[in-house]
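Structure record follows, encoded as structure tokens.
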Amino acid sequence: MNTAMTLWRTDGRDLVPRNVRTPKAIAEHAAQLSKRERRQIVAAFEAEHYEMGLNFLWLRTVTALKRELATVGLGLLGEMLGRVGVNEDDDVEDLLTARDAIRLAEELGVITPTEALRLRHTHEIVTHFNQLAIGEDDGEEMDDSEAIASLKACVKAVLAKPRVEVAKKFVEFREALESESFASDEDRIDHLLSSPYFFLKLTIGILMNSAKNSTGAKLEHCLANTNVVIPRLWPKLQEAERWQVGRTYAEVYSEGKKTSASGLKQALMKVQGFDFVPENLRSDTFVKAAEAILRAHDGMNNFYNEPSPTRSLAQLGTSIPIPALPACMSALLSVVLGNEYGASWVASSIASDILLGLGRDRWRYYLNQVLPTDSRILNKLASDTGDQPLSQWMVAVEKYNLADLQIKDLQVSMLVKAAAAKKAIDARKSAAKLLRQYYGKK
């Protein structure tokens with residue numbers, strides 16, 4: 001019987017004992033910080049300069065997390081994020097926002113779901129207090145319990161580990177795809193077929209990134225495995241991943257990479273997949289516009305910075321190409337749903353107008369082909385740290401008449417129907433179940 005892959009996890013060691021509660025005692029476990037840095041953080045906390053101390057701590061935490069994620073390859077990280085044009089020479093600081101780093105670290109098993117939840121909450125706290133304008137912070141000071149909880153979350157999830165090791169099993173799997181050619185009856189492919197969708201999506205990302213950026217023997221193995229893996233995975237792939245394969249072929253063909261184009265062409269011919277090759281690269285313009293929105297959404301002062309890139313996407317028109325629809329819908333819904341502190345009124349108004357102009361076929365496509373694996377939006381809806389995103393989702397379901405659409409996935413259908421009926425608890429449960437299905441968790 002096939003053994004499905006499971007998410008790679010850290011070893012679960014509790015490097016910060018539960019009874020450690022003071023800033024000094026917690027900071028002593030931050031192995032990735034120098035003694036001077038630990039003293040500075042402790043001094044800030046003891047002087048009750050919590051915002052200053054937490055800002056410094058958060059910067060060090062995110063930098064350490066990004067540095068470790070970079071070891072798996074920036075090209076692959078770009079594929080996992082749905083970014084175009086990412087290569088190994090890019091700067092990981094520019095590629096990943098703090099939210100991106102937390103999400104990828106959780107998906108790759110670098111941190112646990114609980115650690116990710118606490119880091120996201122810390123990010124929200126840091127962002128909230130940084131965005132308070134001068135004169136608006138009366139009575140809005142960070143208290144000691146928030147600061148200490150955030151300190152412990154950062155140290156326990158990241159800084160207490162001498163090296164936040166990306167799981168060996170992941171590294172071995174990626175290296176195998178690029179260093180050896182699988183047989184058609186390879187057991188690892190059988191295991192992959194019975195695994196959560198996350199692993200199928202990740203495998204496509206690895207192969208497409210390698211097809212664009214590798215040379216020599218690594219490229220030969222990649223293309224050989226693409227021709228073995230794609231025909232086996234194709235019936236299970238959502239259209240978003242099928243378009244990813246087609247878009248990669250279009251890119252390497254236009255760039256004159258004959259070997260890559262030939263190998264991908266063979267794979268597409270085996271599955272009659274040329275319907276998923278865009279006629280031009282117009283979709284990349286939309287994808288890059290969506291990326292700009294998400295960078296603003298995940299960054300500091302997001303309410304102020306979101307309108308400009310959202311307006312830029314609106315200027316491209318409401319006829320969003322299908323290959324770019326997953327990225328654009330995720331970006332637009334992120335702006336409309338907002339975060340636990342609310343949403344940018346200007347940006348959400350622009351995004352709502354774009355969504356209102358979409359045809360029923362586009363919404364049906366998103367709900368059936370994209371939302372079941374759109375972890376960004378599902379995390380917003382499943383989160384219990386704030387009701388804003390879920391409340392706005394219920395508004396969106398009514399505004400765009402989503403409950404009238406034919407939805408194939410049972411959990412997505414339940415999510416939409418619960419939102420239409422204003423049953424927030426049921427909607428949140430459905431979103432959480434979709435996330436668990438995507439990652440293969442019980």
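The values are calculated or read from the model by the stated rules, or taken from the named source; none is laboratory data. From a predicted model like this one, the values you see are computed outputs, not experimental measurements. With ideal geometry, Cβ positions are generated from the backbone for all residues, glycine too; neighbour counts draw on all protein chains shown.
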task: Quickly run through segment 228-263 and pick out the residues that are outside any helix (DSSP H, G or I) and either touching a residue at least 60 places away in the same chain (Cβ under 8 Å) or polar (S, T, N, Q) (or both).
output: Gln238
query: Considering Trp393, Trp345, which residue is crowded, with 17+ Cβ neighbours inside 10 Å and hydrophobic (A, V, I, L, M, F, W, C)?
result: Trp393
- prompt: If you go through segment 407-431 one residue at a time, how many are farther than 19 Å from Asp374 by Cα and either outside any helix (DSSP H, G or I) or in contact with a strand residue (DSSP E or B) (Cβ under 6 Å, 6 or more places away or on another chain) (or both)?
  reply: 3
message: Considering only residues that are of a type outside the set (A, V, I, L, M, F, W, C) and at pLDDT 80 or above, which ones fall in segment 114-140?
response: Thr114, Glu115, Arg118, Arg120, His121, Thr122, His123, Glu124, Thr127, His128, Asn130
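Go through segment 303-333 and report how many residues are at pLDDT 85 or above and over 16 Å from Tyr400 (Cβ atoms).
Residues meeting the conditions: 20.
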query: How many of the residues making up segment 290-314 are of a type outside the set (Phe, Trp, Tyr) and farther than 21 Å from Tyr366 by Cα?
result: 14
message: Restricting to segment 59-68, name every residue that is in contact with an Asp or Glu (Cβ under 9 Å, 6 or more places away or on another chain) and at pLDDT below 90.
response: Glu68
- prompt: Of the residues Leu268, Leu202, Leu264, which single one is closer than 25 Å to Glu107 by Cα, outside the structural domain of Leu77 (by TED's automatic domain parsing) and either within 28 Å of the chain's Cα centre (by Cα) or surrounded by 17 or more Cβ atoms within 10 Å (Cβ to Cβ) (or both)?
  reply: Leu202
query: When only residues in segment 151-178 that are in contact with a Leu (Cβ under 8 Å, 6 or more places away or on another chain) and modelled with pLDDT under 75 count, which is farthest from Ile41 (Cα to Cα)?
result: Phe170
message: Consider segment 22-80. How many of its residues are assigned to a loop (DSSP other than H, G, I, E, B) and surrounded by fewer than 16 Cβ atoms within 10 Å (Cβ to Cβ)?
response: 6
field: Entirely in segment 277-353, the helices (runs of 4 or more DSSP H) that have 2 or more residues that are within 18 Å of Gly85 (Cβ to Cβ)
entry: 282-298, 307-314, 325-337
task: State whether the residues of segment 333-350 include one that is in contact (Cβ under 8 Å) with a residue 60 or more places away in the chain and among the acidic types (Asp, Glu).
output: yes
- prompt: Can Phe276 be described as more than 21 Å from the chain's Cα centre (by Cα) and surrounded by 21 or more Cβ atoms within 10 Å (Cβ to Cβ)?
  reply: yes
- prompt: Hey, any hits in segment 380-388 for a residue that's surrounded by 18 or more Cβ atoms within 10 Å (Cβ to Cβ) and over 18 Å from the mean Cα position of the chain (by Cα)?
  reply: no
